[in-house]
Amino acid sequence: MIQGEVNAAREATVSLALHPASDGLPLIIVAILDTGFSGYISLQPQQINTLKLPPVNRRSFFLADNQEVDFATYAAIIAWDGIDRGVVAIESNGPPTIGMGLLYSSRLMIDVIDGGEVIITQRWQ
């Protein structure tokens, strides 16, 4: 089970550990859950540089305003519910976000109040 909270901006957030590409300590980030994002995770350029993530390619995404934008993608390893999971991270200047690709096969429960509980569990549990 992954737990987080709803912040004062009414965003559902969780903390995640990302592993560096080489030896080193994981980087702990707070990410916003974005159900409108079909990818796995977005990270800021400085987080990608700190982790020394290897580039994969560029990929197009449609934004909420239907604008198509290309993003650089990187191979990342995330500690997800106690299991290291390889995912594709996109580089974005905004705050880190978790998309539906990472949440797929999960159950998401949110108490939508300030400080409300966010719980992510595997669907089969």
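Go through A12, A31, A8, A17 for me and flag whichever is in contact with a strand residue (DSSP E or B) (Cβ under 6 Å, 6 or more places away or on another chain), at pLDDT 95 or above and surrounded by fewer than 17 Cβ atoms within 10 Å (Cβ to Cβ). It is A17. Pairs meeting the criteria (first residue in the stretch 75-90 and touching a residue at least 24 places away in the same chain (Cβ under 8 Å) and on the phi < 0 side of the Ramachandran plot, second residue part of a strand (DSSP E or B) and among the acidic types (D, E), beta carbons under 8 Å, at least 6 apart or on different chains) are I77/D84; I78/D84.
The residues in the stretch 29-50 that are of a type in the set (F, W, Y) and more than 17 Å from A79 (Cβ to Cβ) can be counted, and the count is 1.
With the requirement that a residue be of a type outside the set (G, A, S) and modelled with pLDDT of 95 or more, what does the stretch 89-99 give you? I'd like the intermediate steps shown before the answer.
We begin by selecting, within the stretch 89-99, every residue of a type outside the set (G, A, S); these are 90-91, 93, 95-98.
Within the stretch 89-99, I90, E91, P95, P96, T97, I98 qualify.
The values are calculated or read from the model by the stated rules, or taken from the named source; none is laboratory data. In this text the structure is predicted, and so the values were computed from the model without any measurement. All Cβ positions, even for glycine, are placed from backbone atoms using ideal geometry, and neighbour counts span all protein chains on display.
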